[in-house]
Ligand code: ADP
């Protein structure tokens, strides 16, 4: 079934495309969320480091600004107490480091006076940035003893009071006995180094990350489900349905071709057989000759009807069936149908009767279409009626004004209720092929033509008792159908189609 495979392949392609889009979106979302979470952690911890740095600077500046009041006694004499900026800063930093959980604050410098002020790798890099690069802060995320930490360093510069111990003359001892370095005002003297443990930030960020990813997954799953359901509802199912319909039609067409070739062969074989006998035995008696002519004529009519039906169905399918609207005398049409159908009725031993209401007016319609409708219904009725049965053609006024009705009644085999709905479909045969075969297009053509003429056809049937096909036609042409549609409606309700 290539078409169904095509529909399935299309669905599969859509599913694969949607999945690829969702996976790409999910991966991008994870990468993006991870990056924004990292940035968020870094900016939070940077703000904390800057706050700590500001506090330490405040201490430094306060001690620097208080040097005079610390070192000058109440009697005005200078007495160096040893409470200077770096000493106070370091003492507070040490206490803070001891008492906080994992935080460290240190003061480091090049050429340190104490071994505790020796910079590590990060601090040395920071000092290089401050002295050579001119920047005033430096930071990075790092690992320390297996813990994630944030390292931050801020440059310390020489203030006026610092010059006392670190300024000129270089090489001479200061108040504390260390040799002065000959530094100038605003030279980089060292750095405040702050380390902040970030485990809690990282854990919080991981939890946040997992929450976002879970939310995204649920959202993506919901979108994909809705998309797939919508696809199935509005794309796959209708496509598969259309495919099934196409397959059905294609099978019906091939069946029709097979049946048709067989059906055409029957009257042709009969024509050839009778002409052969006639040709070989020219001496045949006149009665036999007459029978041969009748048989040949009847087979030819049957053949012509089949070919005409096929041509008409092809025209209907391609929308090329054109009606010839004219004044039509229904009684004339019925007369022609009776004379065309009589040989078949005689051959099958079926009584062919007619009931005419002579008040039926001249109508505006297409006589050829009406003839085809009646001919198909009559030949079916004869075909499906056992010898001795009766087929009646009745023409009269419709129940509603402006409508005429044509009925073909038979006392034949009847049609099962289930089958009554199907018999008007194209290529439908409901299993009575032993009654003279058929191509399954006759009733489809009858219904299509009746509708083209603005009318309709209905059937009432009882299995084993016979069938009545009723064709209701507007006397005034297709436009008349609108006005008298109540008649058609009541018929439609009664017939169970
Ligand atoms: P076909 O050429 O096979 O007769 P139709 O479209 O004319 O095709 O009819 C479709 C089917 O309807 C027939 O095969 C037959 O089974 C059923 N049918 C039509 N007319 C009658 C009838 N008068 N009595 C019983 N069955 C009928």
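The values are calculated or read from the model by the stated rules, or taken from the named source; none is laboratory data. These numbers were taken from a predicted model, which means no experiment stands behind them. Don't worry about glycine lacking a Cβ; one is built from the backbone with ideal geometry, like all the others, and counts go over all protein chains shown.
Numbers at a glance
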quantity	calculated
Which listed residue is assigned by TED's automatic domain parsing to the domain that holds residue 124, touching a residue at least 60 places away in the same chain (Cβ under 8 Å) and surrounded by 12 or more Cβ atoms within 10 Å (Cβ to Cβ), from 168, 181, 164	181
Residues of the stretch 133-183 satisfying the condition of being assigned to a helix (DSSP H, G or I) and closer than 21 Å to residue 83 by Cβ	160, 161, 162, 163, 164, 165, 166
Extreme residue, surrounded by the most Cβ atoms within 10 Å (Cβ to Cβ), among residues of the stretch 441-464 that are more than 8 Å from the ligand (Cβ to nearest atom) and in a helix (DSSP H, G or I)	449
Failed criterion for residue 409 (all others in (1) more than 12 Å from the ligand (Cβ to nearest atom); (2) over 26 Å from residue 262 (Cα atoms); (3) more than 47 Å from the chain's Cα centre (by Cα) hold)	(1)
Subset of the stretch 341-376 that is within 18 Å of residue 291 (Cα to Cα) and assigned to a helix (DSSP H, G or I) - its residue that is modelled with the lowest pLDDT	343
Flag if residue 43 is free of Cβ contacts under 8 Å to residues at least 40 places away in the same chain, under 24 Å from the mean Cα position of the chain (by Cα) and surrounded by fewer than 16 Cβ atoms within 10 Å (Cβ to Cβ)	no
Single residue of the stretch 231-258 satisfying the filter (under 20 Å from the mean Cα position of the chain (by Cα) and exposed (fewer than 11 other Cβ atoms within 10 Å of the Cβ)) that is farthest from residue 314 (Cα to Cα)	233
Failed item in (1) in contact (Cβ under 8 Å) with a residue 12 or more places away in the chain; (2) not assigned by TED's automatic domain parsing to the domain that holds residue 452, with residue 280 passing the rest	(1)
Residues of the stretch 76-108 satisfying the condition of being assigned to a loop (DSSP other than H, G, I, E, B) and in contact (Cβ under 8 Å) with a residue 40 or more places away in the chain	80, 82, 84, 101, 102, 103
For residue 399: the one exception among (1) within 11 Å of the ligand (Cβ to nearest atom); (2) in a loop (DSSP other than H, G, I, E, B); (3) touching a residue at least 12 places away in the same chain (Cβ under 8 Å)	(1)
Residue that is surrounded by the most Cβ atoms within 10 Å (Cβ to Cβ), among those in the stretch 382-396 that are within 16 Å of the ligand (Cβ to nearest atom) and closer than 14 Å to residue 334 by Cβ	391
Filter pass, residue 307 being assigned to a helix (DSSP H, G or I) and more than 30 Å from residue 361 (Cβ to Cβ)	yes
Any pair with Cβ under 7 angstrom, 6 or more apart, that starts in the stretch 442-466 at a residue that is on the phi > 0 side of the Ramachandran plot and ends at one that is within 12 Å of the ligand (Cβ to nearest atom)	464/413; 464/414; 466/409; 466/410; 466/411; 466/412; 466/414
